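Below: the structure, in structure tokens.
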Amino acid sequence: MAAPTWTTPPAPEADIEPARIAYVSCPLCGDAAILDLREADCTRHILYQPALPPTISWCRCHRCGHVFAEGYFNRAAEALVFAAAPPGQQPGDDVERQRALWAEVVERVTARVEDAPGRWLDVGFGNAALIFTAAEWGYRPLGIDLRPSNVAKLRSLGFEARCCDILELQERSAFQVVSLADVLEHLAFPRRALEHAATLLAPRGLLFVSTPNMDTAVWRALDEQQANPYWGELEHYHCFSRPRLYALLRECGFEPLHYAVSPRYRCGMDVIAGKS
Ligand SMILES: [Zn+2]
């Protein structure tokens, strides 16, 4: 089978009005057969701004079944959405409760690492609770985040932090653990981040990924009650199922090792994978 091709984001100067850049093919498998799934109002989202499109159209890939928004934000729209950090997403927010929630994850990962705790890269660290908790277990964390204020705050708390995208990191095989906690659904092209994460991981390294799981009874119950918050989630471009996430991980050089229900987000799944 020929390798799928990906759409390339346009140059920044092409952006004028805040808008979505339509996917011309499935962002996971590259197939051009995209089916309309549903439309949702996003005007009640906490980060919504009137200059943004008021609805999100969701699509399904005919070939691989992946569900995704019709397009991702151009830079003008991104600037509007990311102007402010959502409540609870700054380093140190809700730190005591978050510590207990992340302890389970760090413990599960640590049970599977073969060496003493090493470097842990957390992508999109938000409130940094995973970083704080990993440090308790003896890991040396590096946090990356696109919000400069979050990076400055984490550094002020004594942790290594950089304001960059995962694709900008070039430290090959440098990390024992790479975590993308509730990050993949926010990325226009999650495959790129996962493929790059595989290059950053040490040979026996572990990947931690969490994201909502749409293939659950909870999700369907929320749909039935017309109370599913994810269809109007302005910041998400993807709705994963466990089978599609597992297939993607395998396509990107990982082997899923452990599945758990996330206590942090509705319908969430926590997956640990090793390098294959
Ligand atoms: Zn697809």
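In table form, for the structure just shown:
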| quantity | calculated |
| --- | --- |
| Matching residues, segment 13-35, being without any contact (Cβ under 8 Å) to a residue 24 or more places away in the chain and within 16 Å of the ligand (Cβ to nearest atom) | V24, S25, A32 |
| Matching residues, segment 238-263, being among the basic types (K, R) and surrounded by fewer than 17 Cβ atoms within 10 Å (Cβ to Cβ) | R242, R250 |
| Options L121, L207: the member that is within 30 Å of D223 (Cβ to Cβ) and surrounded by 24 or more Cβ atoms within 10 Å (Cβ to Cβ) | L207 |
| Which listed residue, of E70, E104, is within 16 Å of the ligand (Cβ to nearest atom), of a type in the set (D, E) and modelled with pLDDT of 90 or more | E70 |
| Subset of segment 37-65 [more than 15 Å from the ligand (Cβ to nearest atom), part of a strand (DSSP E or B) and of a type outside the set (K, R)] | E39, A40, D41, T55, I56, S57 |
| Pair list, Cβ < 7 Å and 6+ apart or interchain, from segment 36-53 residues that are of a type in the set (D, E, K, R) to residues that are not in a strand (DSSP E or B) | R38/W231; D41/P54; D41/G232; R44/G232 |
| Those strands (runs of 3 or more DSSP E) lying entirely in segment 175-261 with at least 3 residues within 24 Å of Y72 (Cβ to Cβ) | 175-181, 201-212 |
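The values are calculated or read from the model by the stated rules, or taken from the named source; none is laboratory data. Note that the structure is a prediction, hence the values are computed from the model and not measured. No Cβ is skipped: glycine too gets one built from the backbone with ideal geometry, and neighbour counts run over all protein chains shown.
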